[in-house]
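A short worksheet on the structure shown next.
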Amino acid sequence: MIDTVAHWFDLAHELLQKESSHRYMQARLKALIRQGTIPTVKVIGWANDGVADAEIALLQVAGEMIDRGEQLPATIAGYAVQHLGKPPAPRRKGRDVVDNWLRDQAIAIVVAKAVEQWHPDLPMSRNKASRWPSACSVVSAALIRRRINLTEKRVEQIFYQLADLLPAHHAWRAALTS
């Protein structure tokens with residue numbers, strides 16, 4: 001089981017990288033700004049608070065709009081005038097919430113896939129005194145093989161934080177309990 005799960009992580013290797021999470025967040029912020037789904041002033045506030053991905057997204061939107069000859073909204077134009085030509089602000093010290101955004105989603109999906117693949121022999125989690133593996137223990141062991149040191153407990157926390165966001169999760173959870 002651990003070898004199979006480790007192979008699944010090999011297939012999703014890019015998603016486990018911090019840089020991929022930041023590129024994803026920048027792309028999402030750009031799309032939300034362009035669609036008007038999120039107020040630009042909110043993203044500017046984040047950028048001013050030191051969220052580097054927000055700054056990068058805003059400057060990329062400004063550059064793309066200029067390249068296309070589009071009229072820049074006043075908020076984006078004002079931000080761009082203040083920041084174009086300046087080096088990007090350094091990332092805040094400590095861990096950024098975006099660092100593991102995609103990695104954690106991949107972990108939640110792999111835990112769900114492991115339960116789906118090996119149910120009923122592999123429960124989601126286990127009693128600490130149990131000798132039998134769980135999906136979270138198998139996923140943790142596979143991650144450790146890939147030099148991502150997450151405990152079984154942390155894998156379980158990640159799964160439960162994101163499980164309700166997995167569209168297929170509701171269907172197979174219902175099937176497992178019936």
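The values are calculated or read from the model by the stated rules, or taken from the named source; none is laboratory data. Small disclaimer: the values here were computed from a predicted structure and weren't measured. Note that we place each Cβ from the backbone using ideal geometry, even for glycine, and neighbour counts take in every protein chain shown.
Could you tell me how many of the residues in the range 74-115 are under 24 Å from residue 62 (Cβ atoms), of a type in the set (Gly, Ala, Ser) and loosely packed, with under 11 Cβ neighbours inside 10 Å?
2
Kindly list, by first and then second residue, each pair from a residue in the range 27-55 that is under 21 Å from residue 86 (Cα atoms) to a residue that is surrounded by fewer than 16 Cβ atoms within 10 Å (Cβ to Cβ) and among the polar types (S, T, N, Q), limited to pairs with Cβ atoms under 8 Å and residues at least 6 apart or on different chains.
Short answer, once both residue conditions are applied: 30/60; 40/75; 41/75; 44/75.
Could you figure out which of (1) in a loop (DSSP other than H, G, I, E, B); (2) modelled with pLDDT of 90 or more isn't true of residue 103?
With (1) in a loop (DSSP other than H, G, I, E, B); (2) modelled with pLDDT of 90 or more applied to residue 103, the lone miss is (1).
Out of all the residues in the range 113-134, is one or more assigned by TED's automatic domain parsing to the domain that holds residue 153, outside any loop (DSSP other than H, G, I, E, B), under 18 Å from the mean Cα position of the chain (by Cα) and touching a residue at least 60 places away in the same chain (Cβ under 8 Å)?
Among the residues of the range 113-134, at least one is assigned by TED's automatic domain parsing to the domain that holds residue 153, outside any loop (DSSP other than H, G, I, E, B), under 18 Å from the mean Cα position of the chain (by Cα) and touching a residue at least 60 places away in the same chain (Cβ under 8 Å), which makes the answer yes.
Hey, can you tell me all the residues within the range 18-33 that are loosely packed, with under 14 Cβ neighbours inside 10 Å and of a type outside the set (A, V, I, L, M, F, W, C)? First the steps, then the outcome.
Here is the first cut: in the range 18-33, the residues loosely packed, with under 14 Cβ neighbours inside 10 Å are 19, 27, 31.
Correct list: 19 only.
Residue 77: closer than 30 Å to residue 153 by Cα and part of a helix (DSSP H, G or I), yes or no?
In short, no.
So which residues in the range 17-58 are assigned to a helix (DSSP H, G or I), within 26 Å of residue 108 (Cα to Cα) and either in the same structural domain as residue 112 (by TED's automatic domain parsing) or not aliphatic (A, V, I, L, M) (or both), if there are any at all?
Listed by number, the residues that qualify are 18, 19, 20, 21, 22, 23, 24, 26, 28, 30, 53.
Is at least one residue of the range 16-23 closer than 18 Å to residue 100 by Cβ and among the aliphatic types (A, V, I, L, M)?
yes
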